[in-house]
Amino acid sequence: MMLNGSRLFSAMIIVFIGWQWSQAGWIMTKAQLAQWLIADAWQQALETKTDSESAHKPWRWADTWPIARLQAPAHKVDLYVLEGDRGNALAFGPGRNQSSRLPGEGTSVIGGHRDTHFRFLKDIKLGEPLRVQTRSGKWLDYNIQERTIIDVNQDPLRVNLNDQQLVLVTCYPFDTLTSGGPLRLVVYASLNKPEITDLSLHEDQLFSQYTESSPAMAF
Amino acid sequence: MCFQPPRIPKHRLLNERDYSNPLFQRKRQSSPLIRWGLLIVAIFATFVFVAESTRAATETTAEPSSSAAPYDSKAGQLFIRADNGHSQPALHLDSKVAFVVSGMVLHTTFSQTFRNPSTDQWAEGIYVFPMPEKAALSHMEMRIGERRIIGQIKEKFAAKKQYQKAKAAGQRVALVEQERPNLFTQNVANIGPGEEVTITLEYQDSVAFDAGRFSFRFPMTITPRFMPAESPMLSGSLLPKHTSESGLNEAQIQTAAQMVLDNSRPWGWSAPTALVPDAHRISPPQLDSSAQRVTQSHQIQLSVTLDAGLPLQNISSPYHDLIIEKQQQRHFISTRNVKIPMDRDFLLQWQPVAQQVPSAAAFTETLTQAVNHVDDQQSQESENYALLMLLPPQQKAPQQLPREVIYIIDTSGSMGASSIRQAKQSLTLALQRLDHADRFNVVEFNSIHNSLFSSSQTVTAQSRQQALRFVGGLSAGGGTNMAPALDTALSAPATETHLRQIVFITDGSVGNEAQLFELIHQKLGQSRLFTVAIGSAPNSFFMRKSAQFGRGTFTHIGDEKEVSEKMSLLFSKLESPVLRNLSIAWPDGISAEVWPQQLPDLYRGEPLLIKAKLSNLDHSQTVTIKGDLGGNTWQQQLTLNSQHSTSTNHPGISKLWAREKISALLDEKTRGKSESDIKPQVLSIALQHQLMSPYTSFIAEDKTPARPIKQDITSKLVPNLTPHGQKTLVYPSTATNAPVNFTLGLIALLLLLTQYFYRVRRNVELAP
């Protein structure tokens, strides 16, 4: 009797562990896998250069599509930015707030999960470069100007949409169990020189970096 | 089983095998208990912990985590605005509104309750909220528990200073300020921990009447407005005019003075810009309608008492479900859900039965007050006010001249989602409706503007097709740089042969209204401007005034269902002759002060609505109104009943008249009259009639200090809900449940190991 009871209990605990870890694992896997699929969609978008924004969905039933590619060379991070910053997009990649502009057209506000894609913001430093590739294939170089922790109940998101800024938003603090809290880390980066840089060089460089490790995915 | 099984102690059940062993009996009796107890406590604790952190997160009162301290101590790298990384509970907002309609006059009582959920902190709430653009706000009171303090009307700066002083002294104080005719700020200071303060506002308004239907509208949220940074290049010069000798213009001086007082107040999402110097005051934060907090905050309870004075055919609200109860000639109306989210305008419409549509109506109010004369004699002095409504006959004959129609469509970011669909549907209908004799063009604008044709084209199957394709391809995004687009349409060379009509489809979400009005005054010429407001929470003040200055009409579309009905109403106005050159002949012996002084042109279905102050009203009088309608003279008479012949005095008409006068005086400012001429006039009329205006504020102050001076007070901006069907710039939710899932798994693993460890040890102990 006792053995059965304790075995049952152990089994339940094991099932529970399996359930919780697979949930966590799924969030992580989804976040990473999707980026590979999105990479293809982005490549197609770059090649065809159609006007229709939603023409290149990463998978058939997707309700979002890539709008930019974001790299943080200092952190070996290479991400595809999706349209929209609701849960549906953020599970698969950082997302642009649709009320903000596209990178290159004005200030772009991009949100990302603190546990997955935007984990790297934890270690970001002022002055570090960020690079963004727009739909037209053009690369834009930004520099991190400011990092601020705000309380969403106190501070509205202050951006001037006419500037050429990149505003990255993620939940704060990083290492806490709580989700849905009111604190955010907001990183402001300004455009350096709006020139087209050599595309092929950076492609090679960053690809090798990406394959080495992907700190964005670290738990 | 049909019997109660005997109660067997748990430890016996679990340790049946060892129970007989006397050596370990004592130990075994307690140890498994402790072990299992520990497990259960551990599991319980885990769940409590998780539940607690989730709850804390939902109520946005998350405990400061130790890791919230600056993680990078390199000086100057990390600004923490969020009070050292601690989050603060947001103020809670609960609203209630009661409308009483009697005839053409609407009386509204609107209360806002601010609750401070904090357990230890004193708060100041700052809430920027919308109001109907013509509302005559004439009463304010503050309620704290059972105490009621009636607000007083004061000059704006004096009221502001008094507020600051009372706030610093720890007194409970509330201040209502006007930012725009349809945008106000509620400041409430010294709300104690766990306390509630209710501010009640009362206003009068006249109900709207168009195409045989009455209506009123009550806005509940704000579409974030675009704040242009600098003056865009226009074809003519539109530089600030009123430059004083010091080189600073009045606006700049005002702004500088305002800034000093604004220092203590948290700014909205926008910084002041050259064109919108008060942008920081009119850019309140937005709260996503889907946020969990919204289930408790930002809900309104709404009721209407409708005494239309006419038999009604129907009562409807296009955006809300209603419950209507009829008692005698009154209707009592409420929403189906007792509380509704404040995420869009409320609109109530009622239609009299066809034969009963009024063609004229007059309402009067007489104010009597005792006047003390110099020779110590007292006498009664009365003031007479009248509200006249006159509906010209419907003209069946079509417009004679062919038309040149220029459509301007707003494709900025604030038009996203449902608004752009409504706008495109409206425009498509308009294009299909064009006649072959007409000429047309389409201009779309966001940050930049773009015309379909370089100049207006004749309507042909081909040009129409081209336009429909152009409209079909439009999508929303970018800024709202309205001025250049409007300028392009107004500046296009006019032709003698065509009547130019500009149809402007937008949500009007801009902060630089004054600049745009100036542009319309300068460039209108023979053009007529018709505005079509789109969306759940458009800037009605801007839309209505633009149409007034543009001598056209104003149409409101709040939902896709309304597009075809409202647009065909607009088409009938565009295609019918206009009643112009209106004049009023007052009877001999009566002098009248009428606002607006310049009577508007009337389009098909529109009534003439006049507010007048009359020198006397001793006996019934006849007023004659004349105008030109399609080349013929139109004339109608209206009888004013004196107060002696009827017992009905309509309270509120004096306020409506005063509000109209303030509005007309401020219109002069947009026409270039200097503020120093306008301000004293507005101030005197606003103070006399106890009305809110750009130069007067309501203040209610509790004399007894409530907050101990040692304790600090935190200013909190109360957000507005994201308008229904729109996306706005709000912070995304950017945390996953992965850490929680992982930790729970980890805790469970520890439990498993603990259990395993105990079993192993027990087995060791049991071994002979």
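Could you list, in sequence order, the residues of segment B:538-567 that are closer than 17 Å to B:LYS134 by Cβ and among the hydrophobic types (A, V, I, L, M, F, W, C)?
B:PHE541, B:PHE542, B:MET543, B:ALA547, B:PHE549, B:PHE554
For segment B:520-543, what are the residues that are part of a loop (DSSP other than H, G, I, E, B) and closer than 22 Å to B:ILE222 by Cα?
B:GLY535, B:SER536, B:ALA537, B:PRO538, B:ASN539
Check off (1) assigned to a loop (DSSP other than H, G, I, E, B); (2) farther than 24 Å from B:PRO392 by Cα for B:PRO587 and give me the number that stays unchecked.
(2)
Based on what the data block shows, is A:ARG119 surrounded by 24 or more Cβ atoms within 10 Å (Cβ to Cβ) and charged (D, E, K, R)? Break it down into steps so the answer makes sense when it comes.
On the way: surrounded by 24 or more Cβ atoms within 10 Å (Cβ to Cβ): no; charged (D, E, K, R): yes.
Against the criterion (surrounded by 24 or more Cβ atoms within 10 Å (Cβ to Cβ) and charged (D, E, K, R)), A:ARG119 does not qualify.
So A:LYS30 fits all but one of (1) touching a strand residue (DSSP E or B) at 6+ places or on another chain (Cβ under 7 Å); (2) outside any strand (DSSP E or B); (3) within 14 Å of chain B (Cβ to nearest Cβ); what number is the exception?
Status for A:LYS30: all satisfied but (1).
Among the residues of segment B:538-550 satisfying the criterion of being among the hydrophobic types (A, V, I, L, M, F, W, C) and within 20 Å of the chain's Cα centre (by Cα), which is nearest to B:ILE520 (Cα to Cα)?
At the first step, the residues of segment B:538-550 found to be among the hydrophobic types (A, V, I, L, M, F, W, C) are B:541-543, B:547, B:549.
Then keep just the ones that are within 20 Å of the chain's Cα centre (by Cα); that gives B:541-543, B:547.
On the way: B:PHE541: 15, B:PHE542: 12, B:MET543: 12, B:ALA547: 10 Å.
The selected residue is B:ALA547.
Could you please give the count of residues in segment B:731-747 that are within 7 Å of chain A (Cβ to nearest Cβ) and in contact (Cβ under 8 Å) with a residue 60 or more places away in the chain?
Initially, segment B:731-747 is screened for residues within 7 Å of chain A (Cβ to nearest Cβ), giving B:731-745.
Then drop every residue that is not in contact (Cβ under 8 Å) with a residue 60 or more places away in the chain, which leaves B:740, B:744.
Number satisfying all stated conditions: 2.
Looking at (1) under 22 Å from the mean Cα position of the chain (by Cα); (2) β-branched (Val, Ile, Thr); (3) surrounded by fewer than 21 Cβ atoms within 10 Å (Cβ to Cβ), find the lone condition where B:THR553 falls short.
Single failed check for B:THR553: (3).
Tally the residues that are within 14 Å of another protein chain (Cβ to nearest Cβ) and more than 29 Å from the chain's Cα centre (by Cα), restricting the search to segment B:464-498.
Number satisfying all stated conditions: 4.
Does B:PRO240 satisfy the condition of being buried (at least 21 other Cβ atoms within 10 Å of the Cβ), of a type outside the set (Asp, Glu) and either more than 17 Å from B:GLU513 (Cβ to Cβ) or modelled with pLDDT under 85 (or both)?
Values: buried (at least 21 other Cβ atoms within 10 Å of the Cβ): no; of a type outside the set (Asp, Glu): yes; either more than 17 Å from B:GLU513 (Cβ to Cβ) or modelled with pLDDT under 85 (or both): yes.
For B:PRO240, the condition - buried (at least 21 other Cβ atoms within 10 Å of the Cβ), of a type outside the set (Asp, Glu) and either more than 17 Å from B:GLU513 (Cβ to Cβ) or modelled with pLDDT under 85 (or both) - is not met.
Which of the residues spanning segment A:66-103 are closer than 24 Å to B:ASP288 by Cα and of a type in the set (Val, Ile, Thr)?
Selection gives A:ILE67, A:VAL81.
For B:PHE517, only one of the following conditions fails: (1) assigned to a helix (DSSP H, G or I); (2) in contact (Cβ under 8 Å) with a residue 60 or more places away in the chain; (3) in contact with an Asp or Glu (Cβ under 7 Å, 6 or more places away or on another chain). What is its number?
(3)
Look at A:HIS113 and say whether it is facing chain B (nearest Cβ under 8 Å) and surrounded by 22 or more Cβ atoms within 10 Å (Cβ to Cβ).
Judged against the criteria, A:HIS113 is a match.
So, of the residues in segment A:51-106 that are assigned to a strand (DSSP E or B) and either within 24 Å of B:ILE448 (Cα to Cα) or in contact with a Cys (Cβ under 6 Å, 6 or more places away or on another chain) (or both), which turns out to be nearest to the other protein chains (Cβ to nearest Cβ)? Lay out the reasoning, then the answer.
If we filter segment A:51-106 for residues that are assigned to a strand (DSSP E or B), which is where we start, we get A:66-72, A:77-83, A:95-96, A:103, A:106.
Adding the requirement that they be either within 24 Å of B:ILE448 (Cα to Cα) or in contact with a Cys (Cβ under 6 Å, 6 or more places away or on another chain) (or both) leaves A:67-68, A:83, A:96, A:103, A:106.
On the way: A:ILE67: 11, A:ALA68: 14, A:GLU83: 11, A:ARG96: 10, A:PRO103: 13, A:GLY106: 7 Å.
Within segment A:51-106, the match that is nearest to the other protein chains (Cβ to nearest Cβ) is A:GLY106.
Of all residues being within 13 Å of B:LEU717 (Cβ to Cβ) and among the hydroxyl-bearing types (Ser, Thr, Tyr) in segment B:265-298, which is modelled with the highest pLDDT? Just the residue, please. Give the derivation first.
Filtering segment B:265-298 down to residues within 13 Å of B:LEU717 (Cβ to Cβ) leaves B:265-270, B:280-287.
From what's left, among the hydroxyl-bearing types (Ser, Thr, Tyr): B:270, B:283.
Working: B:SER270: 73, B:SER283: 84.
Filtering segment B:265-298 for residues that are within 13 Å of B:LEU717 (Cβ to Cβ) and among the hydroxyl-bearing types (Ser, Thr, Tyr), the one modelled with the highest pLDDT comes out as B:SER283.
Mind checking which residues of segment B:154-167 are out of contact with any helix residue (DSSP H, G or I) (no Cβ under 6 Å at 6 or more places or on another chain), more than 12 Å from B:LYS703 (Cα to Cα) and touching a residue at least 60 places away in the same chain (Cβ under 8 Å)?
Step one: of segment B:154-167, the residues out of contact with any helix residue (DSSP H, G or I) (no Cβ under 6 Å at 6 or more places or on another chain) are B:154-159, B:161-167.
Cutting the leftovers down to more than 12 Å from B:LYS703 (Cα to Cα) gives us B:154-159, B:161, B:164.
Once the filter is applied, which keeps residues that are out of contact with any helix residue (DSSP H, G or I) (no Cβ under 6 Å at 6 or more places or on another chain), more than 12 Å from B:LYS703 (Cα to Cα) and touching a residue at least 60 places away in the same chain (Cβ under 8 Å), segment B:154-167 yields B:LYS154, B:GLU155, B:LYS156, B:PHE157, B:ALA159, B:LYS161, B:GLN164.
Checking the conditions here, which among B:PRO705, B:PRO739, B:PRO732, B:PRO719 is closer than 25 Å to B:SER118 by Cβ and crowded, with 20+ Cβ neighbours inside 10 Å? Write out each step before concluding.
Numbers: B:PRO705 fails: crowded, with 20+ Cβ neighbours inside 10 Å; B:PRO739 fails: closer than 25 Å to B:SER118 by Cβ; B:PRO732 fails: closer than 25 Å to B:SER118 by Cβ.
Being closer than 25 Å to B:SER118 by Cβ and crowded, with 20+ Cβ neighbours inside 10 Å holds for just one of B:PRO705, B:PRO739, B:PRO732, B:PRO719, which is B:PRO719.
The values are calculated or read from the model by the stated rules, or taken from the named source; none is laboratory data. Since we're looking at a predicted model, the values are computed, not measured. FYI the Cβ positions are ideal-geometry reconstructions off the backbone, even for glycines, and counts take in every protein chain you see.
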